[in-house]
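The values are calculated or read from the model by the stated rules, or taken from the named source; none is laboratory data. If you're wondering where the values come from, they're calculated on a predicted model, not measured in any experiment. As a convention, Cβ positions derive from the backbone with ideal geometry for all residues, glycine included, and neighbour counts pool all protein chains shown. Heads up: the accessible areas ignore ligands, DNA and RNA and are worked out on the full protein's heavy atoms, side chains in. Shrake-Rupley method; radii C 1.70, N 1.55, O 1.52, S 1.80 Å.
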There are 2 protein chains.
Amino acid sequence: MAGSPLLDDLRAALGDEAVLTDPDLLRLHRRDEADLCAAGTPLVVVRPRDTAQVVAVVRAAARHGVPVVPQGARTGLAGAANAVDGAVVVSTVAMTAIREIDPVARIAVVQPGVVNATLARAVREQGLYYPPDPGSWESSTIGGNVSTNAGGMCCVKYGVTTEYVLGLEVVLASGEVLRTGRRTAKGVAGYDLTRLFVGAEGTLGVITEVTVALRPAPEESLTMVAVFGSTGGAGTAVAGIAAQGLTPSLLELLDRTHLLAIEAYRPMGLRTDAQALLLAAADTGPRAADDLARIAEVCTAAGAQEVYAATDAVEAAALLQARRLAHPAMEKFAVDTYPGGNGGLIIDDVAVPRGALATLLDGVARIATECGVPIGVVGHAGDGNLHPNIVVDRADPASLERGRRAFDEIIRLGLELGGTCTGEHGVGLLKRDWLAREIGPVGVRVHQAIKAALDPAGLFNPGKVL
Amino acid sequence: MAGSPLLDDLRAALGDEAVLTDPDLLRLHRRDEADLCAAGTPLVVVRPRDTAQVVAVVRAAARHGVPVVPQGARTGLAGAANAVDGAVVVSTVAMTAIREIDPVARIAVVQPGVVNATLARAVREQGLYYPPDPGSWESSTIGGNVSTNAGGMCCVKYGVTTEYVLGLEVVLASGEVLRTGRRTAKGVAGYDLTRLFVGAEGTLGVITEVTVALRPAPEESLTMVAVFGSTGGAGTAVAGIAAQGLTPSLLELLDRTHLLAIEAYRPMGLRTDAQALLLAAADTGPRAADDLARIAEVCTAAGAQEVYAATDAVEAAALLQARRLAHPAMEKFAVDTYPGGNGGLIIDDVAVPRGALATLLDGVARIATECGVPIGVVGHAGDGNLHPNIVVDRADPASLERGRRAFDEIIRLGLELGGTCTGEHGVGLLKRDWLAREIGPVGVRVHQAIKAALDPAGLFNPGKVL
């Protein structure tokens, strides 16, 4: 393998140190953080530093008929970054330049390997704000965020990644370099190719540069908590908050399973007797206290047992930290639930219209009972976007099967309620069947036609999405 | 012609009254409001009432090999809605149902023929806000707005049409009905087909239903005016406002030519001795007065001769009204400029990064002198989006030629400054060459590939965009 003509081509173009064939490294690059997904072992992992090197890689792979799988930080949750056997994995981790931050145009231009938090902090130093804040923001890359159209906690007020992508540079399957979009606030020159690549999960090209829109830094936010005796009550409150015309800058839900898991993971004095907790914030400056008071009123009317505001920024940060710990805490909880360290999570991700949130929450509880698996629910309640975390014993096929059934039942319910099979995690390998169900045969044909138009040989990320 | 098999098919599907062949009506439907664009005479204009009828029309046209040109209210400014000879024009004016307004999900579902203002008012009655407000909002349709990705005065704070399109129903060239997108706040299921159709100017399908996102109604805004002795000063102020992290809800520019034209059209006491006027508004509630004061400060620092706030809502509305009169006033001005009523406007539309606005404004003045044509500039300054209005004598080929040259020079300058050849009016017939220059050969090939994938026979709106 060390002497394969493809590897020779790659080494000639990128230099030996950027062409990795060490078996341990190949193993490391097999998969992202999604469960239930197949993964292959790549032939090679390359770490190009610039667009020209990506072009060389894509051309070489195309010439040798070897598929290309783009990878960022592999924090995805749908298997979109999983390798396929014998592929060239294009890792963008060495493409970390922030080329430009322009406070007047309110844009930044970055290479795809820049970590979300790195960009967020760099623009914050100039009084600007890059809102998209996926849970993985400390490690995930802008390229990965763009490819998956990542969400986060800010979305309820500030929208998802695609709202912030103005333009892209993409290496196509032909090896040509496409520039899409613009640096201007507005522009309607031609088809919106930018947003075609956003969320395409690496199936249409390799993103080599991203121009993002920025906002002025928001004001300090105030934070509050509402404690509910039922998850349905929390869902009702979310609908009421929207009906009142309120737009919190954050509106997150943690159910009892998560509260218990977080307290076990890192005791913070959370109300573990609650069935659900809503965490809300407002960054509306002089109006924030009023807005929170109105949110509190809606929560009380929806049956909240207790409502309290964070007394200071330290307490507010602790509450946010609790929310951010939900994922690792639940992983720990899953490990502890089953003997032998084989407990794990199947992470679901559905979004429904806000008015259907209470019904979805009740439905998830019913599905947990029916399928006989513990399910904890956490999520971006303000967007109607929930992550039911299904706790399974990986060593027990029956448990996995029950978990898989619950996973499917939750999505089925989400679709019945007018929702989508994925609010922010994407399709990848995990939800290809559900995507097909959601968009129907015409939608699938249009997807296939576009894929074939841009990547006729199926070079990029084969088997993903479609 | 009355007995053509295609017309028989159309009448059978839609009924006689929805199949128009009256020559006067055909003439009326030849073109939108763009100048300098070719237009053909359609074979027939059809007015379907529902999706099934659109399907029947598209299938019939495809069967007979006759092109289909979708039309809304024909208020477009790039010729995208212009008929081609012998085409079936599909007018959406009879598809005017507002199917649903949901204040909790914050969405509305409408047929494409709903007029922008009708939707805006209907949602406002429920405390909601549909921001996109193109100049034509009292007459243009949501379908047309979506097809052209229409902008307006709100965009500086609230973004353009595409930010508000969650999902579409589209009749494809195959006659199949595609549903894209979702009703949820978030969703990443598959490629973003919704935004591929937004701004595609009717070249990829006929939009038959639109699901739009709504916002809570904004607060009353406060309005101010800054009077400048140079257009460049106004441009500098716009950059300064952005650099200060301010986001006005409106930031419009009127140059002296427009001020004179508006005063002549409807005397309002505008400062016609000014070289430029910036109109700004803030809808930030308790903070609005402060925000305007900061904007005023920036304007003064950039050389404003006078800055004054509207004392009440009546005065604010009058200022806005002056801005809204810019287009008809300039048309009148053009007519009056040349003998015989042959004066007219070539309306340009470029957007540049905000920091380049002052340079663009100075450049337009230079181009006016060099080309020997009067050019008035109005526009959405806060977005870096200007409409240089070139005053020509339609009866004088030399004047038209000078106007056309100025039009091109302005776009060339816009592109040199890192801008786009169209900020909001679109490509249509008017800017196909400039689009090709802006996006380059790779961009053109990708456009063609997508067009071919979705509409292999070239049924929809031939000759537009590409």
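Does B:L193 satisfy the criteria of being at the interface with another protein chain (Cβ under 7 Å from one of its Cβ atoms) and closer than 27 Å to B:R106 by Cβ?
For B:L193, the condition - at the interface with another protein chain (Cβ under 7 Å from one of its Cβ atoms) and closer than 27 Å to B:R106 by Cβ - is met.
Let me confirm something: among A:D133, A:D102, A:D85, which residue is among the charged types (D, E, K, R), out of contact with any Pro (no Cβ under 9 Å at 6 or more places or on another chain) and not assigned by TED's automatic domain parsing to the domain that holds A:D383?
Going through A:D133, A:D102, A:D85 in turn, the sole match is A:D133.
Please list, ordered by first then second residue, the pairs with beta carbon atoms under 6 Å, 6 or more apart or interchain, first in region A:428-452 and more than 8 Å from chain B (Cβ to nearest Cβ), second buried (at least 20 other Cβ atoms within 10 Å of the Cβ) and among the basic types (K, R).
Close Cβ pairs (under 6 Å, with a partner that is buried (at least 20 other Cβ atoms within 10 Å of the Cβ) and among the basic types (K, R)) amount to A:G428/A:K464.
Suppose we keep only residues that are modelled with pLDDT of 95 or more and of a type in the set (D, E) within region A:332-358. Which one would you say is surrounded by the most Cβ atoms within 10 Å (Cβ to Cβ)?
Only one residue tops the list, namely A:D348.
Evaluate region B:135-146: report whether one residue or more is within 14 Å of chain A (Cβ to nearest Cβ), under 18 Å from A:T247 (Cβ atoms), open to solvent by less than 10 Å² (accessible area, probe 1.4 Å) and touching a residue at least 24 places away in the same chain (Cβ under 8 Å).
For region B:135-146, residues within 14 Å of chain A (Cβ to nearest Cβ), under 18 Å from A:T247 (Cβ atoms), open to solvent by less than 10 Å² (accessible area, probe 1.4 Å) and touching a residue at least 24 places away in the same chain (Cβ under 8 Å): absent.
Against the definition (more than 9 Å from chain B (Cβ to nearest Cβ) and more than 28 Å from B:L251 (Cβ to Cβ)), how does A:E176 come out, yes or no?
Taking the combined requirement at face value, the residue does not satisfy it.
Of all residues in region A:185-216, which are of a type in the set (D, E, K, R) and touching a residue at least 60 places away in the same chain (Cβ under 8 Å)? Write out each step before concluding.
The initial filter retains those residues of region A:185-216 that are of a type in the set (D, E, K, R), namely A:186, A:192, A:195, A:201, A:209, A:215.
Answer for region A:185-216, where residues must be of a type in the set (D, E, K, R) and touching a residue at least 60 places away in the same chain (Cβ under 8 Å): A:E201, A:E209, A:R215.
Out of curiosity, is B:A281 without any contact (Cβ under 8 Å) to a residue 40 or more places away in the chain, more than 14 Å from chain A (Cβ to nearest Cβ) and under 27 Å from the mean Cα position of the chain (by Cα)?
Judged against the criteria, B:A281 is not a match.
For region B:243-296, how many residues are open to solvent by less than 40 Å² (accessible area, probe 1.4 Å), closer than 30 Å to A:R124 by Cα and not in a strand (DSSP E or B)?
The total comes to 11.
Conditions tested, residue by residue: (1) open to solvent by 10 Å² or more (accessible area, probe 1.4 Å); (2) more than 29 Å from A:R179 (Cα to Cα); (3) not assigned by TED's automatic domain parsing to the domain that holds A:L204.
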residue	(1), (2), (3)
A:D9	yes, no, yes
A:H29	no, no, yes
A:L36	yes, yes, yes
A:V44	no, no, yes
A:V58	no, no, yes
A:A61	no, no, yes
A:G65	yes, no, yes
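Just the residues that are farther than 17 Å from B:A200 by Cβ and either open to solvent by less than 10 Å² (accessible area, probe 1.4 Å) or at the interface with another protein chain (Cβ under 10 Å from one of its Cβ atoms) (or both), please, taken from region B:154-165.
B:C154, B:C155, B:V156, B:G159
Every residue, every condition in (1) under 23 Å from A:A150 (Cβ atoms); (2) open to solvent by 20 Å² or more (accessible area, probe 1.4 Å); (3) touching a strand residue (DSSP E or B) at 6+ places or on another chain (Cβ under 7 Å), yes or no:
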position	(1), (2), (3)
B:L193	yes, no, yes
B:E201	no, no, no
B:G205	no, no, yes
B:E219	no, yes, no
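Given the residues A:H29, A:H64, which is the only one that is within 23 Å of A:A457 (Cβ to Cβ), under 26 Å from the mean Cα position of the chain (by Cα) and in contact (Cβ under 8 Å) with a residue 24 or more places away in the chain? Spell out the reasoning first.
Working: A:H64 fails: under 26 Å from the mean Cα position of the chain (by Cα).
Going through A:H29, A:H64 in turn, just one is within 23 Å of A:A457 (Cβ to Cβ), under 26 Å from the mean Cα position of the chain (by Cα) and in contact (Cβ under 8 Å) with a residue 24 or more places away in the chain: A:H29.
Please pick out the residue among A:L36, A:L43, A:L20 that is hydrophobic (A, V, I, L, M, F, W, C), closer than 11 Å to A:A87 by Cα and within 28 Å of the chain's Cα centre (by Cα). Break it down stepwise before answering.
Values: A:L36 fails: closer than 11 Å to A:A87 by Cα; A:L20 fails: closer than 11 Å to A:A87 by Cα.
Going through A:L36, A:L43, A:L20 in turn, just one is hydrophobic (A, V, I, L, M, F, W, C), closer than 11 Å to A:A87 by Cα and within 28 Å of the chain's Cα centre (by Cα): A:L43.
Any residue at all in region B:208-227 that is within 30 Å of B:L454 (Cβ to Cβ), within 12 Å of chain A (Cβ to nearest Cβ) and not in a strand (DSSP E or B)?
Pass one, region B:208-227, residues within 30 Å of B:L454 (Cβ to Cβ): B:208-214.
Cutting the leftovers down to within 12 Å of chain A (Cβ to nearest Cβ) gives us B:211, B:213-214.
The next check asks that each one be not in a strand (DSSP E or B); those that pass are B:214.
Yes; the residues of region B:208-227 include at least one that is within 30 Å of B:L454 (Cβ to Cβ), within 12 Å of chain A (Cβ to nearest Cβ) and not in a strand (DSSP E or B).
Looking only at region B:297-322, filter to residues that are closer than 14 Å to B:G269 by Cβ and touching a helix residue (DSSP H, G or I) at 6+ places or on another chain (Cβ under 7 Å); which one of those is surrounded by the fewest Cβ atoms within 10 Å (Cβ to Cβ)?
Selected residue: B:A310.
When both residues are 6+ apart or on different chains and their Cβ atoms are under 7 Å apart, which pairs have a first residue that lies in region A:305-330 and is more than 25 Å from A:N389 (Cβ to Cβ), and a second that is assigned to a helix (DSSP H, G or I) and open to solvent by less than 70 Å² (accessible area, probe 1.4 Å)?
Final answer for the pair search is A:V307/A:A296; A:V307/A:C299; A:A309/A:L292; A:A310/A:A316; A:A310/A:L319.
Taking B:P42, is it closer than 21 Å to B:E169 by Cβ and without any contact (Cβ under 8 Å) to a residue 60 or more places away in the chain?
Answer is no for this residue.
Looking at A:A108, A:A81, which one is more than 9 Å from chain B (Cβ to nearest Cβ), modelled with pLDDT of 95 or more, under 30 Å from B:T236 (Cβ atoms) and buried (at least 24 other Cβ atoms within 10 Å of the Cβ)?
A:A108
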